[in-house]
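Asks: Structure below; questions to follow.
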Amino acid sequence: MSAVPLSILDRANTRVQHGQVVGAPQIFAEVTSRAQHAEQLGYHRFWVAQHHSVPGIAGSAPTLLLPHLAEATSHIRLGTGGIMVPSHQPLIVAEQLGTLQALYPNRLDAGLGASVGFTKPVRAALRQAANAKDHFAEDVDEIIAYLNATGEITAYPQDRSQTPIFILTGGGSAQFAATRGAGLVLGGPAVSRGIKTSQDANQTAVDYREAFAESTSRGQQPHVIASINVAVADSYEAAEQLVLSEAWALTRSRSIGVFQPLEDPAAIRAEQPSAQQQQRIDRALSSTIYGTPQDVVHQLERVLQYTLADEIMVTGNIWDPAAQQTSDRLLMAAWEQR
């Protein structure tokens, strides 16, 4: 357990500051600064996400953002968390990954997800058929074939099986990932149940390891990444303030159908959420790990025991970018000393 690395997934959340939504140029500059800081601290990977037409998230094109991050850093692994496969033609995904691999050898990971557009207009804009998600497995197989140079046509630049593939899932695609020799990124209840439980290990992770095809042409070993929202501060109360903004955005999205830019937690407290909203906030916070460095490490160790993970990926974004970097620093310092 002592050798388990920490990584970061940054969604490039936008935020409201002084009554205005902070623009994408500043958000991306802050993502870049966080990636540089994470590299200095010793984080293993820094991944960026893909969300289409979401007001609260600037990260819509990870394969375009990654080259910028690669130029700004020197050795931290970079990746997509993830490319949403139903939004793309498999050949295009393979060509983008091959291009990134050619530009930045041995630094890129490809996290692949099955999510479709959040709303009907977004799905229409993406030209997604009603059953687009149903073709995830065959689309991933096609991507892998292009990357392995075993497809009906050759994708250029050729990747030659160099880019590690990870499947993002709440557990439903774990068996698929295993049989394709891909890494597994577990999220949602498949991970958060481990925060306060002492029950046996998640059977999904056990089954994944048992089913993993070790003799794959890609040469990957079974690898489980547990992905969960984390925030660290000097006190429990200060840490709760850090995670309130995202919990509030999730709560409001349940009412208005839109995930909006993060708000100042002080302003959220002043709004005095209704009883129903507070219940939803509490529900969101219950699936988040936050607190002092020692408390957070203790909870993460429980997650490791539950998920049998090889790695922890810290998700969740904090309204204040300086507090975000402080949280990253406090977490890594405590993790290294445990």
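The values are calculated or read from the model by the stated rules, or taken from the named source; none is laboratory data. Computed from a prediction, not measured in an experiment: that's the story for all the values here. Using ideal geometry, Cβ is built from the backbone for each residue, glycine included, and neighbour counts are taken over all protein chains shown. These accessible areas exclude ligands, DNA and RNA; they are computed on the full protein's heavy atoms, side chains included. Shrake-Rupley method; radii C 1.70, N 1.55, O 1.52, S 1.80 Å.
Asks: Look at His75 and say whether it is in a loop (DSSP other than H, G, I, E, B) and open to solvent by 30 Å² or more (accessible area, probe 1.4 Å). Before you say what the answer is, go through the steps one by one.
Replies: Values: in a loop (DSSP other than H, G, I, E, B): yes; open to solvent by 30 Å² or more (accessible area, probe 1.4 Å): yes.
Yes.
Asks: Checking Gln305 against (1) modelled with pLDDT of 95 or more; (2) in a helix (DSSP H, G or I); (3) not hydrophobic (A, V, I, L, M, F, W, C), which test does it fail?
Replies: The number of the failed condition is (1).
Asks: Another question about this same structure. Scan the range 286-298 for residues that are outside any loop (DSSP other than H, G, I, E, B) and either open to solvent by less than 30 Å² (accessible area, probe 1.4 Å) or of a type in the set (Val, Ile, Thr) (or both) and report the count. Spell out how you get there, then give the answer.
Replies: Taking the range 286-298 as the starting set, the residues that turn out to be outside any loop (DSSP other than H, G, I, E, B) are 286, 289-291, 293-298.
Next, only the ones that are either open to solvent by less than 30 Å² (accessible area, probe 1.4 Å) or of a type in the set (Val, Ile, Thr) (or both) stay: 289-291, 293, 296-297.
Going through the range 286-298 one residue at a time, the tally reaches 6.
Asks: What about Glu263, is it under 23 Å from Pro55 (Cα atoms), open to solvent by 20 Å² or more (accessible area, probe 1.4 Å) and at pLDDT 95 or above? Give the steps one after another, and end with the answer.
Replies: Numbers: under 23 Å from Pro55 (Cα atoms): yes; open to solvent by 20 Å² or more (accessible area, probe 1.4 Å): yes; at pLDDT 95 or above: yes.
Against the criterion (under 23 Å from Pro55 (Cα atoms), open to solvent by 20 Å² or more (accessible area, probe 1.4 Å) and at pLDDT 95 or above), Glu263 qualifies.
Asks: Taking the range 220-257 on its own, how many of its residues are outside any helix (DSSP H, G or I) and open to solvent by 50 Å² or more (accessible area, probe 1.4 Å)? Spell out the reasoning first.
Replies: Going residue by residue through the range 220-257, those that are outside any helix (DSSP H, G or I) are 220-235, 257.
With the extra rule that they be open to solvent by 50 Å² or more (accessible area, probe 1.4 Å), the set shrinks to 221, 234, 257.
Within the range 220-257, residues that are outside any helix (DSSP H, G or I) and open to solvent by 50 Å² or more (accessible area, probe 1.4 Å) number 3.
Asks: What single numbered condition from (1) modelled with pLDDT of 95 or more; (2) assigned to a loop (DSSP other than H, G, I, E, B); (3) within 27 Å of His52 (Cα to Cα); (4) open to solvent by 40 Å² or more (accessible area, probe 1.4 Å) fails to hold for Gln158?
Replies: Against the list (1) modelled with pLDDT of 95 or more; (2) assigned to a loop (DSSP other than H, G, I, E, B); (3) within 27 Å of His52 (Cα to Cα); (4) open to solvent by 40 Å² or more (accessible area, probe 1.4 Å), Gln158 comes up short only on (3).
Asks: Please specify each residue of the range 308-322 satisfying the condition of being open to solvent by 20 Å² or more (accessible area, probe 1.4 Å) and either assigned to a helix (DSSP H, G or I) or hydroxyl-bearing (Ser, Thr, Tyr) (or both).
Replies: Those that are open to solvent by 20 Å² or more (accessible area, probe 1.4 Å) and either assigned to a helix (DSSP H, G or I) or hydroxyl-bearing (Ser, Thr, Tyr) (or both): Pro321, Ala322.
Asks: If I filter the range 192-199 for residues that are part of a strand (DSSP E or B), touching a residue at least 12 places away in the same chain (Cβ under 8 Å) and within 16 Å of the chain's Cα centre (by Cα), do I get at least one hit? Give the steps one after another, and end with the answer.
Replies: Of all residues in the range 192-199, those part of a strand (DSSP E or B) come to none.
Looking for residues that are part of a strand (DSSP E or B), touching a residue at least 12 places away in the same chain (Cβ under 8 Å) and within 16 Å of the chain's Cα centre (by Cα), one finds none in the range 192-199, hence no.
Asks: Looking at the structure I just gave you, is Gln277 at pLDDT 95 or above, within 30 Å of Pro121 (Cα to Cα), surrounded by fewer than 22 Cβ atoms within 10 Å (Cβ to Cβ) and not aromatic (Phe, Trp, Tyr)?
Replies: no
Asks: Of the residues in the range 102-142, how many are touching a residue at least 24 places away in the same chain (Cβ under 8 Å) and either within 19 Å of Gly172 (Cβ to Cβ) or open to solvent by less than 60 Å² (accessible area, probe 1.4 Å) (or both)?
Replies: Of the residues in that region, 25 qualify.
Asks: For the range 78-101, which positions are open to solvent by 50 Å² or more (accessible area, probe 1.4 Å) and either in contact with a strand residue (DSSP E or B) (Cβ under 6 Å, 6 or more places away or on another chain) or more than 15 Å from Ala114 (Cα to Cα) (or both)?
Replies: Result: Ile92, Glu95, Gln96, Thr99.
Asks: Among the residues of the range 264-283, write down those that are basic (Lys, Arg) and over 26 Å from the mean Cα position of the chain (by Cα).
Replies: Matches in the range 264-283: Arg269 only.
Asks: For the range 78-99, give me each residue that is under 24 Å from Ala132 (Cβ atoms) and in a helix (DSSP H, G or I). Steps first, please.
Replies: Step one: of the range 78-99, the residues under 24 Å from Ala132 (Cβ atoms) are 79-98.
Within the range 78-99, Val85, Pro86, Ser87, Pro90, Leu91, Ile92, Val93, Ala94, Glu95, Gln96, Leu97, Gly98 meet the criteria.
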